[in-house]
Amino acid sequence: MTIKNHVGADLCVGPTVLGRTRGSAPTFKFSLMHKDPSCGARAGVVHTAHGTFETPVFMPVGTQGTVKSLAPDDLEEAGAQIILANAYHLYIRPGIDTIKLANGLHAFMGWQRPILTDSGGYQVFSLARLRGISEEGVRFHSHFDGREIFLTPETVIEAEEHLGSDIAMMFDECPPHDAARAHVEEAVHRTVRWAERAKRVHRRKEQLLFGIVQGGRFKDLRVQSLEETVKIGFDGYAIGGVSVGEPKPLMEEIVRAVAPLLPEEKPRYLMGVGTPLDLLWAVEAGIDMFDCVNPTRYGRNGCAFTHSGKVVVRNAEYARDQAPLDETCSCYTCRTFSRSYLRHLFNCEELLAYRLVTLHNVSFFISLVQSARRAIVNGEFVPFKNHFLSEYDESSR
Ligand SMILES: [Zn+2]
């Protein structure tokens, strides 16, 4: 395949066919289209059974099979090319059988573009009341109704295959950010063994399977996890166990160290990150895929992300402000409503408030990453990032 550098010269990096093949034609493909010669930033395209998506990409989070307050039409309006759902949550409610009955998650939730399902490793270790981790799997009480559940790498793959997502994440062990080294080391080794088991049982040809790199805050364990996971061979690779409470500079240091070591010809996914600024340094480090609850969580709490920083819509200073949330944003909310009206909706606790600000935030994150992609294609990523940073104020106002 061909990569254009910033002056349009071709750089040959060899074939980049991902996944398995059906007949002679490749079912899936990751095409790396451009690389920024001054940093690790890259632009590509991932082809899936439900269409293509361009990378870098931001995936809105639809944990329960819905991106909170947004209908699929809203997501299309926001420019979402792929969304994330969570196999753990769907396993608990409504149960995989119910979704199987609807012919899979796409039909169940009325979304026909690509879906990535997280395995729920992080949720099992953070939300559930753990009973015990063994080589076989994890026994825990559901965070919802307390019933006892036993998940293994095999049962999670089976669930994700029934959900019919386009990308399935393997089941991993995600220790707390401050876990002792011995604990993290044990989790790395177990996650590698679980990766082998996940790969062995995965049968759904039209579904990509991603491996997950663990290793917490220990760089050498991260590298070890990466090397062993890559040896098993997956369709893409994620960096997991970040943004789980560790100091931000440490997260950045780990991601900057690990990202360039991931195979160049496979998509790279940074799980659960982050803020607009995080997206930009991570793109610069060579990350292709992101998900984060920030746009939806902040949105329903009345906080909008804009090019100049976070705007707390409830604040009294916006009571008579006729401007949109962000003058440069072309989303439905910004095209149609003023800050004054949105503040009024929040003050009255009207349901529309949550939808409109969430729609703006999701649009903002998606369009930020799309703009970063355009800058990479034009060989202008670093100036683009510097311009964004010069206008963006991290504090809320
Ligand atoms: Zn907007």
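The values are calculated or read from the model by the stated rules, or taken from the named source; none is laboratory data. On a predicted model such as this, the values are computed, not experimentally measured, just so you know. Cβ sites come from the backbone with ideal geometry, for glycine too, and all protein chains shown count toward neighbours.
Among the residues of region 349-361, which ones are touching a Phe, Trp or Tyr at 6+ places or on another chain (Cβ under 7 Å) and within 13 Å of the ligand (Cβ to nearest atom)? Result: LEU356, LEU359, ASN361. Would it be correct to say that GLY79 is over 22 Å from PHE171 (Cβ atoms), in contact with a helix residue (DSSP H, G or I) (Cβ under 8 Å, 6 or more places away or on another chain) and of a type outside the set (Val, Ile, Thr)? Yes: the conditions hold for GLY79. Could you please let me know if ALA195 is among the small types (Gly, Ala, Ser) and out of contact with any helix residue (DSSP H, G or I) (no Cβ under 7 Å at 6 or more places or on another chain)? So ALA195 fails the test. Consider region 311-328 and keep the residues that are surrounded by 19 or more Cβ atoms within 10 Å (Cβ to Cβ) and not β-branched (Val, Ile, Thr). The one that is farthest from the ligand (Cβ to nearest atom) is TYR318. Scanning region 276-301 for residues that are outside any helix (DSSP H, G or I) and surrounded by fewer than 19 Cβ atoms within 10 Å (Cβ to Cβ) yields VAL293, ASN301. Taking each residue of region 104-116 that is farther than 13 Å from PRO60 by Cα and looking for partners that are part of a loop (DSSP other than H, G, I, E, B) and of a type in the set (Ser, Thr, Tyr) with beta-carbon atoms closer than 8 Å, six or more apart or interchain, yields LEU105/SER165; MET109/THR66. Checking each residue in region 282-337 for being among the aliphatic types (A, V, I, L, M) and in contact with a Leu (Cβ under 9 Å, 6 or more places away or on another chain) picks out ALA282, ALA285, ILE287, MET289, ALA304, VAL311, VAL313, LEU325. Here PRO263 meets the list (1) closer than 25 Å to VAL138 by Cβ; (2) outside any helix (DSSP H, G or I) almost entirely, failing just condition (1). The residues listed here are GLN214, GLN207, GLN224; of these, the one that is of a type in the set (S, T, N, Q) and over 19 Å from the mean Cα position of the chain (by Cα) is GLN224. Out of curiosity, is ARG335 basic (Lys, Arg), modelled with pLDDT of 95 or more and surrounded by 12 or more Cβ atoms within 10 Å (Cβ to Cβ)? It is false that ARG335 is basic (Lys, Arg), modelled with pLDDT of 95 or more and surrounded by 12 or more Cβ atoms within 10 Å (Cβ to Cβ).
Based on what the data block shows, is ARG374 more than 14 Å from the ligand (Cβ to nearest atom) and assigned to a helix (DSSP H, G or I)? Yes; evaluated as a whole, the condition is true for this residue.
Every residue in region 68-123 that is polar (S, T, N, Q) and either under 18 Å from GLU154 (Cβ atoms) or in a loop (DSSP other than H, G, I, E, B) (or both), please. Residues satisfying the conditions are SER69, GLN81, ASN103, GLN112, THR117, SER119. For VAL293, indicate whether it is of a type in the set (Val, Ile, Thr) and away from the ligand (no atom under 15 Å from the Cβ). Answer is yes for this residue. When the residues of region 338-396 are filtered to those that are in contact with an Asp or Glu (Cβ under 9 Å, 6 or more places away or on another chain) and either polar (S, T, N, Q) or at pLDDT below 95 (or both), the one that is nearest to GLY286 (Cα to Cα) is GLN370. One residue alone among PHE346, PHE388, PHE364 is away from the ligand (no atom under 14 Å from the Cβ), part of a helix (DSSP H, G or I) and surrounded by 19 or more Cβ atoms within 10 Å (Cβ to Cβ), and that residue is PHE346. Whenever a residue of region 222-241 is more than 22 Å from GLN207 (Cα to Cα), its partners that are assigned to a loop (DSSP other than H, G, I, E, B) and modelled with pLDDT under 95, lying with C-beta atoms within less than 8 angstrom and at least six residues away or across chains, give the pairs GLY241/CYS174; GLY241/PRO175; GLY241/HIS177.
Close contacts from region 65-79, counting a first residue that is aromatic (Phe, Trp, Tyr) and a second that is at pLDDT 95 or above, with Cβ to Cβ under 6 Å and a gap of 6+ residues or different chains, come to none at all.
Just the residues that are assigned to a loop (DSSP other than H, G, I, E, B), under 30 Å from the mean Cα position of the chain (by Cα) and not acidic (Asp, Glu), please, taken from region 306-337. Listed by number, the residues that qualify are HIS307, SER308, VAL313, ARG314, PRO324, LEU325, THR328, CYS329, SER330, CYS331, PHE337.
Note on region 129-146: residues that are modelled with pLDDT under 90 and exposed (fewer than 14 other Cβ atoms within 10 Å of the Cβ) total 7.
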